[in-house]
1. Kindly write out, for the stretch A:162-178 in residue order, the coupling ³J(HN,Hα) from the Karplus curve 6.51 cos²θ - 1.76 cosθ + 1.60 (θ = phi - 60°), rounded to whole Hz, with x marking Gly and Pro.
2. Order of A:94-105, B:15-26, A:167-178 by packing, highest average Cβ count within 10 Å first?
3. Does the stretch B:1-66 come out rounded, prolate or oblate, given a ≥ b ≥ c as the square roots of the eigenvalues of its C-alpha gyration tensor, rounded meaning a/c under 1.5 and, failing that, prolate meaning a/b above b/c?
4. With r defined as the distance between the Cβ atoms of A:Thr48 and B:Lys96 and R0 fixed at 30 Å, what FRET efficiency is calculated, to the nearest 0.05?
5. Which entries in the list A:Lys80/A:Lys135; A:Lys106/A:Lys165; A:Lys84/A:Lys166; A:Lys5/A:Lys194; A:Lys37/A:Lys59 go over 20 Å, if you measure between the two C-alpha atoms of each?
6. Take every DSSP beta bridge with both residues inside chain A and express the antiparallel ones as a percent of the total, to the nearest 5.
7. State the Kirkwood hydrodynamic radius of the stretch A:7-233 in Å, one decimal place, computed from all pairs of distinct Cα atoms.
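Each value in this text was obtained by applying a stated rule to the coordinates, not by laboratory testing. The shown structure was predicted, so the numbers you read here are calculated from the model rather than taken from an experiment. As a convention, Cβ positions derive from the backbone with ideal geometry for all residues, glycine included, and neighbour counts pool all protein chains shown.
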Amino acid sequence: MPKHKIHLAIVIPVYNEGPVIRSVINSLPKQISGVDKITVLAVNDGSTDNSAKEIKKTKAVLVSHPINLGAGSATVTGLKGAEKIKADIAVTIDGDGQHDPKDIAKIIKPILQNKADIVIGTRLKKSKGMPNIKKVGNWGLNIITYALSRMWTSDSQSGFRAFSKKAISALDIESLGYEFCSEVLVEAKRQKLKIAEVPVRVIYTHYSKQKGQSIFNGMNIVIKLIIGKITKII
Amino acid sequence: MIIVARILATIFALIVVSRSMADYKNKKESPQMTIFWVIVWLVIAGIAFFPSLVETAIRVLGGNRSGLGTVFGMGLVFIMFVSYRIYIKANRVEKKLNEISRQFALLSLDKPRARTKRVSSNRPK
């Protein structure tokens, strides 16, 4: 990383997270070692609750989709926003509070040290509290992601990731939904980007468990990934 | 039964051909796709009126017998192709909608000063 002032953008895709989004944003670190400026970009993905109002009460910059497009689309909008505000690093973090904001410093470290372009905060190495069905589902998706990208990661579906400036501009993502997580890895392989994994703590509250993905959504991700691969070939 | 099939095939063929021609005139469809759909539906209508055409086609292609299974098989392939086309079109529309929404959302990151400047330059003097 060049020795200039480092601007970090924290991207939070938000869909109907009204009850918790304010506390999630307020819990984000105000200062991080090695970072000179932090901008929080909250991407409201057409929420139908009071999420946008809650975000406006914080210091985060609100970016709003006029309609609900999906978690992947909201994340990409956030990354494009990070590019627009000339951020050097972008971190994506879930809006339901399942990620520990203290881990942000850990996941940007490999980028600051020029060791990676994309860092995945893996939940499966510290998976205490994660329901078993989710562990099985995540492993299944890891295998499918590996089949498509030839790149093994222990938590291919983690929404807690860090992207270097190079990765932000290189990735060409088409997915709109949660299949975005796997497509990033497929794209990273194609663009020859360096990937690193950092274990992160996962905070499973009653709220985040309710908001989490069901096994049927996992099936949907698999179908969309396969169709996406076929249509790209054709 | 065969009369119902002929009537339906004629109605569908007329609808699709007229829609394709209208889309072509409005530049919503490429000439290749228009020709393709017109030929496909003329063939379907032709088969409905002259089912023996299938037998002839199979003989020409080297087969020796056709049954209801062959016709259903051909229909299934056709339905799969149509589904694929619909998926591609829906996907294209979804992507365009996504891009427009994203551009719209990111407008909020433009500097307020730049926006004010643009607005004021459009005001009548």
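1. Working through the residues one at a time gives 10, 10, 7, 4, 4, 5, 4, 7, 7, 5, 10, 9, 10, 5, 9, x, 6 Hz.
2. A:94-105, A:167-178, B:15-26
3. Taking the square roots of the gyration eigenvalues as a ≥ b ≥ c, the stretch B:1-66 is oblate.
4. Approximately 0.80, to the nearest 0.05.
5. Table pairs above 20 Å Cα-Cα are A:Lys80/A:Lys135; A:Lys5/A:Lys194.
6. Values: 8 of 30 bridges.
DSSP beta bridges in chain A are roughly 25 percent antiparallel.
7. Details: mean 1/r = 0.0575 Å⁻¹.
For the stretch A:7-233, inverting the mean 1/r across all distinct Cα pairs yields 17.4 Å.
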